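Q: Below is the structure I would like to discuss, written out as structure tokens.
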Amino acid sequence: MVVVVFGARGNVGRHVADGLLAAGEQARAVSRTPAAGLTPGLGAVRADLDHPETLPAVLDGADKMFLYGMLNPQRPYDIEKVVATAAAAGDPPGGSALVGVGTGP
């Protein structure tokens, strides 16, 4: 199982990614700057929620997705837009399992 973790260097995402790794799961850690500050053993990939065109490649082949995002339709990283992008990719993250944690604008 491959779990995509957005914001894997952040205050929430890093604990999610580390917990998945400790549980023996394969985590794909997504960050704008993935090289710095990640736990060894995590698969690090670069993507930016401000640039939705970077998301389909990150989601390719994934089974699940974790996203700590914002509910702000004026921004490209709005949680609903990211989920729609995942669903449009046609891979399981759009229809299998999604954990989304959000905050308002």
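The values are calculated or read from the model by the stated rules, or taken from the named source; none is laboratory data. Not measured: the values here are computed from a predicted model. Here the Cβ is made from the backbone with ideal geometry for all residues, glycine too, and neighbour counts use every protein chain on show.
Q: Count, please, the residues in region 14-36 that happen to be at pLDDT below 85, small (Gly, Ala, Ser) and surrounded by 13 or more Cβ atoms within 10 Å (Cβ to Cβ). Don't jump to the end; show me each part of the working.
A: Filtering region 14-36 down to residues at pLDDT below 85 leaves 31-36.
Retained after the next criterion (residues that are small (Gly, Ala, Ser)): 31, 35-36.
Okay, now just the ones that are also surrounded by 13 or more Cβ atoms within 10 Å (Cβ to Cβ), so 31.
Total satisfying the criteria: 1.
Yes/no matrix, rows are residues, columns are (1) more than 17 Å from residue 7 (Cβ to Cβ); (2) at pLDDT below 70; (3) hydrophobic (A, V, I, L, M, F, W, C):
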residue	(1), (2), (3)
43	no, no, no
54	no, no, no
59	no, no, yes
70	no, yes, yes
98	no, yes, yes
